[in-house]
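The values are calculated or read from the model by the stated rules, or taken from the named source; none is laboratory data. Given the structure is predicted, the values throughout are model-derived calculations rather than measurements. Positions of Cβ are generated from backbone atoms using ideal geometry, with glycine treated the same way; all protein chains shown enter the neighbour counts.
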Amino acid sequence: MEIGQQPPDFLLAVDALTVSFDGFKAVNDLSFYVDENEIRVIIGPNGAGKTTVLDLICGKTKATSGSITFRGKELTKLSENAIVHAGVGRKFQTPSIYDDLTVFENLEISYPRGRSVFGALTFKRDAAVTERVEEVAEMIFLKDRLNMSAQLLSHGQKQWLEIGMLLIQDPELLMLDEPVAGMSVSERAKTAELLHRIIKNRSVLVIEHDMKFVEDIAHKVIVLHQGKILSEGSMEKVKNDPKVIEVYLGH
Amino acid sequence: MTANPRFFSRSELVGLGVLALLLVVILPMSLDIFRLNLVAKYLTYSFVALGLVICWGYGGILSLGQGVFFGIGGYCMAMFLKLEASSVENTKIQSTPGIPDFMDWNQITQLPLFWQPFHSLTLSILAVFVVPAIFAFIIGAAMFKRRVGGVYFAIITQAIAAILTILIVGQQGYTGGINGITDLRTLHGWDIRTDSAKFILYFVEVACLFGCLLVALFVKHSKLGRILLAMRDKEDRVRFSGYSVANFKIFAFCLSAVFASIGGALFTLEVGFMSPSFVGIVPSIEMVIYAAVGGRMSIFGAVYGTMVVNYAKTSLSESFPELWQFAFGALFIAVVMLFPNGLAGAWNEYVQPLIDRTFSRNKRSTSVASEHPLANGAPAE
């Protein structure tokens, strides 16, 4: 399919995407499409290539072949920061926050202004920045911890902080890699509530193992196995797919 | 926190004040001109250490080749002074009058093209800033755009320091070779060898140092300073927050190069010559030790660390010339093992709490100071 022929209603179109590491195809001829305001969850056994898919979309890994188009832009040719500027945000599997900075400063760095060297030198912490940081901090339950050093946060709070850092970027496509992994039951419930709130007006691509959580949030599910799509559709359909039960849900 | 972060924190203002008092009043009044000139020589290295605080401490980019930039600044200044000292009247016994003596000894009969701009003081001073920046930009762009970092970058900078030394020594006719550029006399007709000139140059240097300190503090307090810290910690997170990590690294490296170059140019003025022995691997590593001893996260620590190490070096090598190298090694190991944050770290851990307790009525300043425990300067040794 050529660029431009795609129906414009897809926010993200992944087409025949393949990446090979020394001959091993971590992602093999993968195609899927994400709509505006859709929540898509990718599940699959370990080593299925889930994280690699996110790496490919955000530019961390370069594709061997195939294309990724986001709002008509070919992402495989863009640099990582250009992909972010295009409107793609990504959360890593382990909480990736800046330990030496405060919660406020962590959020402020992600505020989408002054991203060039000169811009960063002349960046002013004005009312708009402070307001937005406080607004996001409230959403991620960290409003009373703004001046705290980020390294003192609990694991769950660090995950929220990173989600907050993405929110402040206001991406059109939010990619989350196991957002509730390692969280306590109450943190998990709070995170689900947080995700429900932030997915409004944007598309979200989530990798998750927690089936209850997936069922709770997913519009559509992709089951990935050995770099290929094993099954795709609603959670109900996927759950009853004999192939899926055999390789993944069965054990 | 809701307000803009203050331009300088209270402890930094105190740090600037204490340093100014020490350098402008106490040292010039208590030292003879010979000792003061030694302090001036030490201080030229503190420019390099200051650059390393930004580049290594904040940016996490360890450069073991800062001697290169120190040398570039030093040679730019030395070339100007040498040309002024090599006027036709001064060099009429040479076979080609009007060119530097070492060129004449090496059978060079015409001033090389790259020496021509150094007839002008303005261009020479411009070169002190621009040449190291361009050189650092080229190295930085080549390395950081390819994601070369950490130990590999350190080794490459070290190799560059070695290459430049070999080049200078090998191209004797153009550079003065192993002896360097010597017998420098006047700056625009002003004799820089006299005691009064040395006294004045000392204050010029202190003024330049404060200029660089203010630039470093400005960078530290800007968002760029926080991005450098963030990058050192989680480079990928910064990259996927929409920043070009390479550009920020290049900036930090260029800034440290320019600081080092200013130090080098002042060194030439203070000491009266420049030679490849300040360019190579050993001096470059010594410069890293100054920053480490001072505390690699401390802007003021860079100045104190440089002065303490150099003072120890001078006094030890005066009394026990053979022991100095061992003492230097031991000092470095001791600092890394006992005070990984250098003098500034020791100050913040042991002395600052004492001061805070003494002036505990000032609760507010305590909370400001504890916000950035690593980044505060050590206002005294």
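Looking at segment A:118-131, which of its residues are among the aliphatic types (A, V, I, L, M) and more than 8 Å from every other protein chain (Cβ to nearest Cβ)?
A:Ala127, A:Ala128, A:Val129
Filter segment B:149-161 for residues that are buried (at least 16 other Cβ atoms within 10 Å of the Cβ) and of a type outside the set (S, T, N, Q) and give the result.
B:Gly149, B:Phe153, B:Ala154, B:Ile156, B:Ile160, B:Ala161
Which of the following residues is more than 17 Å from A:Lys50 (Cβ to Cβ), within 16 Å of the chain's Cα centre (by Cα) and more than 14 Å from chain B (Cβ to nearest Cβ): A:Leu161, A:Leu195?
None of the other options fit; the residue is A:Leu195.
Would you point out which residue out of A:Thr61, A:Thr18 is more than 13 Å from chain B (Cβ to nearest Cβ), more than 20 Å from A:Ile199 (Cα to Cα) and of a type in the set (Val, Ile, Thr)?
The match here is A:Thr18.
Here are B:Lys92, B:Lys41: which of them is more than 14 Å from every other protein chain (Cβ to nearest Cβ), basic (Lys, Arg) and under 25 Å from the mean Cα position of the chain (by Cα)? Give the derivation first.
Values: B:Lys92 fails: under 25 Å from the mean Cα position of the chain (by Cα).
Step by step, each of B:Lys92, B:Lys41 is checked, and only B:Lys41 is more than 14 Å from every other protein chain (Cβ to nearest Cβ), basic (Lys, Arg) and under 25 Å from the mean Cα position of the chain (by Cα).
Quick check: anything in segment A:75-82 of a type in the set (Val, Ile, Thr) and either crowded, with 21+ Cβ neighbours inside 10 Å or touching a helix residue (DSSP H, G or I) at 6+ places or on another chain (Cβ under 6 Å) (or both)?
Our first condition is that a residue be of a type in the set (Val, Ile, Thr); within segment A:75-82, this holds for A:76.
Now drop any that are not either crowded, with 21+ Cβ neighbours inside 10 Å or touching a helix residue (DSSP H, G or I) at 6+ places or on another chain (Cβ under 6 Å) (or both), which leaves none.
No, segment A:75-82 contains no residue that is of a type in the set (Val, Ile, Thr) and either crowded, with 21+ Cβ neighbours inside 10 Å or touching a helix residue (DSSP H, G or I) at 6+ places or on another chain (Cβ under 6 Å) (or both).
Does A:Leu101 satisfy being within 14 Å of chain B (Cβ to nearest Cβ), hydrophobic (A, V, I, L, M, F, W, C) and surrounded by 21 or more Cβ atoms within 10 Å (Cβ to Cβ)?
The answer is yes for A:Leu101.
Return the only residue of A:Ala128, A:Ala120, A:Ala181 being more than 19 Å from B:Asp236 (Cβ to Cβ) and not polar (S, T, N, Q).
After applying the criteria, what remains is A:Ala128.
Only one residue in B:Ser256, B:Ser241 is under 20 Å from B:Phe135 (Cβ atoms) and either modelled with pLDDT under 95 or more than 7 Å from chain A (Cβ to nearest Cβ) (or both), so which one is that?
Selected residue: B:Ser256, the only one of B:Ser256, B:Ser241 that is under 20 Å from B:Phe135 (Cβ atoms) and either modelled with pLDDT under 95 or more than 7 Å from chain A (Cβ to nearest Cβ) (or both).
Look at A:Ser154 and say whether it is of a type in the set (Gly, Ala, Ser), modelled with pLDDT of 90 or more, touching a helix residue (DSSP H, G or I) at 6+ places or on another chain (Cβ under 9 Å) and surrounded by 18 or more Cβ atoms within 10 Å (Cβ to Cβ). Reasoning before the result, please.
Working: of a type in the set (Gly, Ala, Ser): yes; modelled with pLDDT of 90 or more: yes; touching a helix residue (DSSP H, G or I) at 6+ places or on another chain (Cβ under 9 Å): yes; surrounded by 18 or more Cβ atoms within 10 Å (Cβ to Cβ): no.
Here the answer is no, as A:Ser154 does not meet what is asked.
Looking at A:Arg115, A:Arg90 in this structure, which one is within 11 Å of chain B (Cβ to nearest Cβ), closer than 21 Å to B:Lys234 by Cα, out of contact with any helix residue (DSSP H, G or I) (no Cβ under 7 Å at 6 or more places or on another chain) and in contact (Cβ under 8 Å) with a residue 24 or more places away in the chain?
The match here is A:Arg115.
Each row is one residue, and each column tells you yes or no for (1) of a type in the set (Asp, Glu); (2) at pLDDT 90 or above.
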residue	(1), (2)
A:Leu17	no, yes
A:Glu36	yes, no
A:Ile42	no, yes
A:Asn46	no, no
A:Gly49	no, no
A:Val53	no, yes
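Test each condition in (1) over 25 Å from B:Ile285 (Cα atoms); (2) at pLDDT 95 or above for B:Gln107 and report the one that comes out false.
(2)
What tally of residues in segment A:29-53 results from selecting those that are touching a Leu at 6+ places or on another chain (Cβ under 7 Å) and within 14 Å of another protein chain (Cβ to nearest Cβ)?
Within segment A:29-53, residues that are touching a Leu at 6+ places or on another chain (Cβ under 7 Å) and within 14 Å of another protein chain (Cβ to nearest Cβ) number 0.
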